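FYI, it's all coordinate maths here, none of it is from the lab. Given the structure is predicted, the values throughout are model-derived calculations rather than measurements. Virtual Cβ from ideal backbone geometry, glycine too; neighbours counted across all protein chains shown.
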Amino acid sequence: MIDYAQARRMMVDCQLRTFDVNDNAVLDAFDTVPRETFVPKGREPFAYIDQTLQLDGANGGSRCLPAPMVLARLVQALKIRPDAKALDVGTGTGYAAAVMANLGAQVTALESVPDLAEKARAKLGSSIQVIEGPLQAGAPEQGPFDVILINGRVEVRPQALLEQLKDDGRLACVFGPHRNAKATLFVRAGNAFGARPLFDASLPILDAFATEVGFAF
């Protein structure tokens, strides 16, 4: 039988700490939230491997549970403070939302696939609001947000989401075409939005943010 608590500790020590994740609160959150709870049934033994895991029920197979190293670096870049208002876009089964809530954020989780939204509600309980709707539209009624996390790769600038940030708010995602994608941090300053590449990364494309959809910002 797998000792999942030990597996989480090994993930933190051997994957996160060695990939420049050095924020103790972030490390503690990843050591606390049971990732195995959020993977598809029967794949619990793979919960802590250094790979992105596809989620059942995702349209076109595009929804995923990002690899721990990538997700932890994105969460760390957001610099989440207690009581921050956070939006988790493409929440899937809710793992990233649970991590941000563990950091003290007030989290809204957004999912466009009804089956996944139901799974997220079941796993997250009543402390995190899970809403259904188009990912690119965000959740303006719940905003503005201090931080926004996108669980997947985006090829177009997520302008509607950026506009739901508070001044000095931050959005983290994997941005760009597949072979040249980078984890990217957007920061709002008034009506301007700066972008800073963080590291090379790759995640499945979210259809709502694919160039072929035809969005232009």
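Within region 80-100, which residues have the backbone N less than 16 Å from the label spot 7 Å out from Lys166 along Cα→beta-carbon, could you tell me?
Backbone N within reach: 80-88.
When the helices in the chain are scored as -39500 (n - 2.57) per DSSP H run of 4 or longer and the sum is shared across all residues, what 222 nm value do you end up with, to the nearest 500 deg cm²/dmol?
-6500 deg cm²/dmol
Each label point is 7 Å from the Cα along the Cα-to-Cβ direction; what then is the distance between the points at Asn191 and Asp28, in nm?
About 4.2 nm separates the two model spin labels.
Among all the aspartates and glutamates, which ones have a C-alpha under 14 Å from Lys85's C-alpha, if same-chain residues fewer than 8 places away are not counted?
Within reach: Glu141, Asp146, Asp167, Asp168.
Peptides 113-120, 65-72: what's the order by average Cβ count within 10 Å, highest mean first? Write down the numbers at each step before the final one.
Numbers: 113-120: 19.0, 65-72: 23.1.
The packing order, highest mean first, is 65-72, 113-120.
Taking the alpha-carbon centroid of each part, what is the distance from region 1-29 to region 101-142 in angstrom?
25
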